[in-house]
Amino acid sequence: MCFSYNTLQQVKVKASGTFANTQSGFELFLNWVAKHCKEELPVFFLMESTGVYNEQLAWFLYNKGQKCTVILPNKAKRYLQSTGIKSKNDKIDAQGLARMCAEQSLPLWQPLSKNIYTLRSLTRLHESLTKQRTILNNQLHAVSYSMYKLKEVTKGLTNTIKAIEKQLNLVEKQIQHLIIKDALLKEKYDKISKIKGVGLLSR
């Protein structure tokens with residue numbers, strides 16, 4: 001979404017477009033922005049945080065020396081509601097973000113360190129494995145109370161749970177090792193772990 005504003009702070013949407021969430025799509029997007037925006041004016045980019053799906057674009061813009069901001073979806077939602085917009089689709093959301101970027105002074109996005117990205121991925125994997133283990137344990141419990149004792153099913157569930165637990169132990173060791181070797185993460189972990197009930201994988 002490309003926009004302009006005058007001295008009365010009236011925002012005007014100049015153009016809109018759709019681009020693929022790929023490197024080639026990012027290049028087309030940046031060229032499109034250059035075509036529609038005046039060179040003498042600073043350009044700011046604003047996007048919603050959508051898990052891992054916005055990160056490649058944020059990194060692309062950052063590496064190109066562009067000014068980029070990433071906000072949480074609930075912040076964007078509150079802004080749209082404050083303007084009286086109730087409908088919601090991609091075009092309306094894009095217009096809302098463009099206006100928000102023009103009207104507000106928002107902090108610029110800074111990439112996290114590689115270790116923090118790795119830590120986030122490991123903790124998400126641990127959470128996913130834990131959920132799978134819970135589901136399988138519930139299934140195993142249900143089988144034990146079924147009319148017929150299905151040894152094949154019980155064995156399959158038991159072996160799968162053991163494999164998941166083995167993987168969980170490995171992930172926990174990787175998380176611990178990552179924190180220990182990163183001085184900044186270690187410092188933060190040491191501080192927060194002093195809180196009663198907070199541990200390595202507290203939720």
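Derivation of every value follows stated rules applied to the coordinates shown; laboratory data play no part. On a predicted model such as this, the values are computed, not experimentally measured, just so you know.
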Roughly speaking, what is the centre-to-centre gap between the stretch 100-144 and the stretch 11-87 when only Cα atoms are used, to the nearest Å? 24 Å
Quick query: amide H of Leu46 versus all other amide H atoms, modeled in the peptide plane; which residues come in under 5 Å with a sequence gap of 5 or more or a different chain? Thr69
Using the Kirkwood formula over every pair of different C-alpha atoms, what hydrodynamic radius in Å results for the stretch 114-192? 14.5 Å
In square nanometres, what is one fourth of the surface area of the convex hull spanned by the alpha carbons of the stretch 28-165? 13.7 nm²
Given Lys12/Lys64; Lys166/Lys191; Lys131/Lys196; Lys131/Lys166; Lys166/Lys186, the pairs whose alpha carbons are separated by over 19 Å: Lys12/Lys64; Lys166/Lys191; Lys131/Lys196; Lys166/Lys186
Work out, step by step, the length gained on full extension between Glu172 and Tyr145: first 0.36 nm times the residue separation, then minus their alpha carbon distance; give nm to one decimal. 6.5 nm
The chain, relative contact order in percent, only Cα pairs under 8 angstrom and at least six apart counted: 15 percent
